[in-house]
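Just below is one structure, and these are the notes that go with it.
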Amino acid sequence: MKLLIEALTKFTCGMLMVGLLIFLPAGTLGYTYGWLFVGLLFIPMLIAGFVMLAKAPDFLRKRLDAKERQTTQKGVVAFSGLMFIAGFVVAGLDFRFGWSAVPTWVVIAASVLFLIAYALYAEVMRENAYLSRTIKVEQGQTVVDTGLYGIVRHPMYAATILLFLMIPLVLGSWYAMIAFAFYPGIIIVRLKDEEELLTKELPGYEAYKQKVKSRLIPYIW
């Protein structure tokens, strides 16, 4: 029950915060693409939360822990937060003042890609029981090198890049893309710092890096 309350509290706070950042600058609740994004983001999140609560409560507890311990990662989280705030606010203002017009078919395509990225993210969570929101090595942790981890070393980050780059398009704002365009760079800083830690502290990770060469994009990088 305590875990359920904690999860629902964070879920509700997150939804309210995103709603305020989008609809307040928009100046109206009639921002259709804003509601589309809220639905695409939070409905699957709610379903996934209840599934984890029922089948893997320890994993859910791990996912709720978002407090970074390392200085570099704290900076990454802070910069990511600023990026999201700027992107949501700009999207709302874009709708309010009609700065740009994203074609409906682009919004639909972006929504489909958003859900595909969400599904990939869910698959990564299924494959890796050690996956957490913070960078750390747990006792007894082993290297996962099958499934998506057999293609790229950081499939979760690859999924989130696709996920987050679709957000401004789902919101119908070209200008918001400027803010979210920083995300791949943020992720590169994060994963390089993470790989340094994993190489030092996770047995077998150096060999895994030799086996799977690509970090984010298969056969490219």
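The values are calculated or read from the model by the stated rules, or taken from the named source; none is laboratory data. Fair warning: this is a prediction, and the values are worked out from it, not measured in the lab. Cβ: placed from backbone, ideal geometry, glycine included. Neighbour counts: every protein chain shown.
Taking the condition in a helix (DSSP H, G or I), among the basic types (Lys, Arg) and either surrounded by 17 or more Cβ atoms within 10 Å (Cβ to Cβ) or modelled with pLDDT under 80 (or both), does ARG63 pass? Steps first, please.
Values: in a helix (DSSP H, G or I): yes; among the basic types (Lys, Arg): yes; either surrounded by 17 or more Cβ atoms within 10 Å (Cβ to Cβ) or modelled with pLDDT under 80 (or both): yes.
The answer is yes for ARG63.
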Top-ranked residue in region 149-166 [being more than 11 Å from the chain's Cα centre (by Cα) and β-branched (Val, Ile, Thr); ranked as surrounded by the fewest Cβ atoms within 10 Å (Cβ to Cβ)]: ILE151
Output the residues belonging to region 66-83 that are surrounded by 14 or more Cβ atoms within 10 Å (Cβ to Cβ), modelled with pLDDT under 85, part of a helix (DSSP H, G or I) and within 17 Å of the chain's Cα centre (by Cα). GLN73, GLY75, VAL76, VAL77
Residue check for GLY19: surrounded by 13 or more Cβ atoms within 10 Å (Cβ to Cβ) and either without any contact (Cβ under 8 Å) to a residue 24 or more places away in the chain or among the basic types (Lys, Arg) (or both): yes
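Quick one: how many residues across region 142-168 are free of Cβ contacts under 8 Å to residues at least 40 places away in the same chain and not aromatic (Phe, Trp, Tyr)?
The qualifying residues number 7.
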Assess whether LYS209 counts as being of a type in the set (D, E, K, R) and in a helix (DSSP H, G or I). yes
On the basis of being at pLDDT below 90 and in contact with a Ser or Thr (Cβ under 6 Å, 6 or more places away or on another chain), does TYR175 make the cut? no
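Residues ALA101, ALA122, ALA86: which one is over 12 Å from ILE167 (Cα atoms), part of a loop (DSSP other than H, G, I, E, B) and out of contact with any Phe, Trp or Tyr (no Cβ under 7 Å at 6 or more places or on another chain)?
Residue meeting the stated conditions: ALA101.
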Could you grab the pairs with beta carbons closer than 9 Å, sequence gap of 6+ or different chains, first residue in region 189-204 and in a helix (DSSP H, G or I), second one of a type in the set (Gly, Ala, Ser)? VAL189/GLY75; ARG190/SER80
